[in-house]
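**Student:** Pasting in a structure now, in structure tokens, and then I'll have a few things to ask.
The values are calculated or read from the model by the stated rules, or taken from the named source; none is laboratory data. These numbers were taken from a predicted model, which means no experiment stands behind them. Neighbour counts run over all protein chains shown; Cβ positions are idealised from the backbone, glycine included. What goes into the accessible areas is simple: the full protein's heavy atoms, side chains included, and nothing from ligands, DNA or RNA. Shrake-Rupley method; radii C 1.70, N 1.55, O 1.52, S 1.80 Å.
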Number of protein chains: 2
Amino acid sequence: MERRSFLSRAGAGAGVGAALVAAPAITKAALPAVRWRCQSGYPRALDVLFGTDEGVVNRIREATGGRFHITLHPAGEIVPVAQAAEVVIAGTLEAATMTPFWYVGLNPIWAFGAAVPFGMNTRQHNAWWEDGGGEKMFNDWLRQFGVQITMSGHTGVQMGGWFRREIGSVADVNGLKIRVSGLAGHIWRAAGAVPQMIAAADIFPALERGTIEAAEWVGPHDDERLGFHRVARFYYYPGFAEGGVAQGWLVNTRAWDALPGEYRSIFTAAVHEGVNKMLARYDARNEIALRRLIAGGTQIREFPRPILESFWGHAQAMFAEIGRANPDFKRLHDHYASFQRRAVAWSRIQENPYDDMIAHMMRRRPAAGT
Amino acid sequence: MERRSFLSRAGAGAGVGAALVAAPAITKAALPAVRWRCQSGYPRALDVLFGTDEGVVNRIREATGGRFHITLHPAGEIVPVAQAAEVVIAGTLEAATMTPFWYVGLNPIWAFGAAVPFGMNTRQHNAWWEDGGGEKMFNDWLRQFGVQITMSGHTGVQMGGWFRREIGSVADVNGLKIRVSGLAGHIWRAAGAVPQMIAAADIFPALERGTIEAAEWVGPHDDERLGFHRVARFYYYPGFAEGGVAQGWLVNTRAWDALPGEYRSIFTAAVHEGVNKMLARYDARNEIALRRLIAGGTQIREFPRPILESFWGHAQAMFAEIGRANPDFKRLHDHYASFQRRAVAWSRIQENPYDDMIAHMMRRRPAAGT
């Protein structure tokens, strides 16, 4: 009956043109004009990270006919990146984009907003965050600071970093001066290295001068733009501490509460839209950059298994130690680790066998048309 | 200087509260009221597929203060699913959601909007679609029909299907009556099976009566809801023809062109937002459903490698054969296959070694706190 009445109406010429029902003239002054300022966590040169932030701002402007306007400043233009979380908490800035584990110095819990060492891959982290209770746990914890985070992107597994000399064994790590971020610093330190956190723009000069001997940043596309291949030859994988790194928009809750419902809804959709786009860009562009790097002389190396096994032990000891002093960390980590164990079991049936099967077939006989 | 002026303004008490600048009172009648009707490709029982469509409709309504309203009908309520693409093309319906490979009977090119056998996984397909030129190629081809598609979700690798008896060798496939969709039907037919396309709601009765002896649908979460485990015991993986199946909103271009720019922008963000959410839901819920199915007696089986090698051969022959008759298919497939080859090479460095390493570590010693 439903179908019949629909089709007869359609047959009477009431097709798609009629969907735009009689309505008053468009008036742009409908919702209030809102101006926000956001500091990106990234310099303009990083087209995927800064570009995704720009995409969000443009989408919000378009969707509101220009009435909700966010001015996006590159990293460091308002405050140093290391202070961005604090100025959003203080309410002097409405929003900042970031890789949340930059702020583990404030509290190691910030790592769960980005990645923990030997943690979930992108799909698994996303499932935990969006449907497994992760986002709620993290934002419930953030609420005491008057801020909230919306996940805005994922890089995929990052590379393990650039090294000026090969790392063949655990002994080679001793005394190594390396730029790392997040909780990975604890692991490198436990292994005898000298880790330090340096913002994106300062990594290249430190590596060039020899102030540091190794540095991890993101992956081929971004790392090539920052020029690391010109001052370090060996490029290691996998990024054991960065199996799927999330980015986020940190927003001051008072600023959020002052928004009309329509703007909150548009903001949320626009930021989530970026998650998918960021990952697509990385996946497409990393492969291109890696081929170029290899052609230019970069040597790709896989971390030897004994080093990773040793690091895994340091990571478990670190989680236990932080958890003893920080019950909120323990609560989140228990939840995260339990989800990860189940997610990995499912990946071993779903994604991994498919990928292995395709790689096997391509080795046997390339696909037609390639 | 920028920072100084920002901080002095902030210091003067012009913090986040002041971001809401003086503006006229909110008037809801600003943009025109628009009513669309959309038929979902899925029944209400499939909470992830139908639920993601509902999420999009709700987001659009919220973001426009209720002025852009899409009525969402479950699969089959307006027209049979098999006719949904045609009614959007005819303009009698503004939009329909779908797994585009359902329409390979119209033209095999529709497969590229969803999945092709032995094709890219979710991450790879998404990269090709969003950043590798795939979306543009597909929508350029669709333009002749006056419709366009926006990707709205991904299922991940699907399961290979439910079988009433074990499939141990290529000989066991002979004469097998199996429900499949997309181009996979050609492969099963080449292998001697009798494939047929049946809509979601009709699969269970056909399997129960023995009209078919095997059926693939999606994965543990959806399949459990449709009850297949009650009438078939063996559950195979991987879904060789469905390495990463995309869903989409097919929209009539005249209806699209009649929308104000703000609504187009909101629609696009809302649909893209769903991609990430659908995948998260599947990844979280499939694992839970699979454990329950196994506890209830379902037997998990991996397709024997010789069967997959034989099917891979049939797939390559099929691509070549379709391509000879259909130059547009060949053009898209060449582009797709070339992207896939490069994407797989990158996955073998990025995602796969990380996943393998984590699985290895978890076998050695479970993570702390689990």
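**Student:** Just checking, does the stretch B:325-341 include any residue being free of Cβ contacts under 8 Å to residues at least 60 places away in the same chain, among the aliphatic types (A, V, I, L, M) and under 30 Å from A:Val245 (Cα atoms)?
**Tutor:** Yes: one or more hits.
**Student:** Go through (1) more than 30 Å from A:Glu262 (Cβ to Cβ); (2) of a type outside the set (Gly, Ala, Ser); (3) touching a residue at least 40 places away in the same chain (Cβ under 8 Å) for A:Thr97 and report which single condition fails.
**Tutor:** (1)
**Student:** Let me ask another. Which condition number in (1) in contact (Cβ under 8 Å) with a residue 40 or more places away in the chain; (2) in contact with a Lys or Arg (Cβ under 8 Å, 6 or more places away or on another chain); (3) surrounded by 21 or more Cβ atoms within 10 Å (Cβ to Cβ) is the one that B:Ile212 fails?
**Tutor:** (1) is the only condition that B:Ile212 fails.
**Student:** Hey, can you tell me all the residues within the stretch B:238-280 that are over 20 Å from the mean Cα position of the chain (by Cα) and more than 7 Å from chain A (Cβ to nearest Cβ)?
**Tutor:** B:Thr253, B:Trp256, B:Asp257, B:Leu259, B:Tyr263, B:Arg264
**Student:** Might you check whether a residue that is more than 7 Å from chain B (Cβ to nearest Cβ), touching a residue at least 60 places away in the same chain (Cβ under 8 Å) and closer than 24 Å to A:Trp128 by Cα occurs anywhere in the stretch A:281-293?
**Tutor:** There is at least one residue in the stretch A:281-293 that is more than 7 Å from chain B (Cβ to nearest Cβ), touching a residue at least 60 places away in the same chain (Cβ under 8 Å) and closer than 24 Å to A:Trp128 by Cα.
**Student:** For the stretch A:263-270, indicate whether the set of residues that are touching a His at 6+ places or on another chain (Cβ under 8 Å), crowded, with 21+ Cβ neighbours inside 10 Å and among the aromatic types (Phe, Trp, Tyr) is non-empty.
**Tutor:** Within the stretch A:263-270, not a single residue is touching a His at 6+ places or on another chain (Cβ under 8 Å), crowded, with 21+ Cβ neighbours inside 10 Å and among the aromatic types (Phe, Trp, Tyr).
**Student:** Could you list, ordered by first residue, the pairs with Cβ atoms under 6 Å in which the first is in the stretch B:123-139 and on the phi < 0 side of the Ramachandran plot and the second is of a type in the set (Asp, Glu) and open to solvent by 30 Å² or more (accessible area, probe 1.4 Å), at least 6 apart or interchain?
**Tutor:** Close Cβ pairs (under 6 Å, with a partner that is of a type in the set (Asp, Glu) and open to solvent by 30 Å² or more (accessible area, probe 1.4 Å)) amount to B:Trp129/B:Glu135.
**Student:** Regarding the stretch B:309-319, can at least one residue be identified that is within 7 Å of chain A (Cβ to nearest Cβ) and loosely packed, with under 15 Cβ neighbours inside 10 Å?
**Tutor:** Among the residues of the stretch B:309-319, not one is within 7 Å of chain A (Cβ to nearest Cβ) and loosely packed, with under 15 Cβ neighbours inside 10 Å, which makes the answer no.
**Student:** Determine if the stretch B:35-48 includes at least one residue that is open to solvent by less than 10 Å² (accessible area, probe 1.4 Å), of a type outside the set (S, T, N, Q), on the phi < 0 side of the Ramachandran plot and assigned to a helix (DSSP H, G or I).
**Tutor:** Within the stretch B:35-48, none of the residues are open to solvent by less than 10 Å² (accessible area, probe 1.4 Å), of a type outside the set (S, T, N, Q), on the phi < 0 side of the Ramachandran plot and assigned to a helix (DSSP H, G or I).
**Student:** Right, here's the next one. Here are some conditions: (1) away from chain A (no Cβ under 11 Å); (2) in contact with a Lys or Arg (Cβ under 9 Å, 6 or more places away or on another chain). B:Val104 meets all but one. Which one does it not meet?
**Tutor:** (2)
**Student:** If you take the residues in the stretch B:320-344 that are among the aliphatic types (A, V, I, L, M) and more than 7 Å from chain A (Cβ to nearest Cβ), which one is most open to solvent (accessible area, probe 1.4 Å)? Spell out how you get there, then give the answer.
**Tutor:** Going residue by residue through the stretch B:320-344, those that are among the aliphatic types (A, V, I, L, M) are B:320, B:322, B:325, B:332, B:337, B:343-344.
Filter once more, keeping what is more than 7 Å from chain A (Cβ to nearest Cβ): B:322, B:325, B:332.
Numbers: B:Ile322: 25, B:Ala325: 88, B:Leu332: 0 Å².
Among those residues, the one meeting the criterion is B:Ala325.
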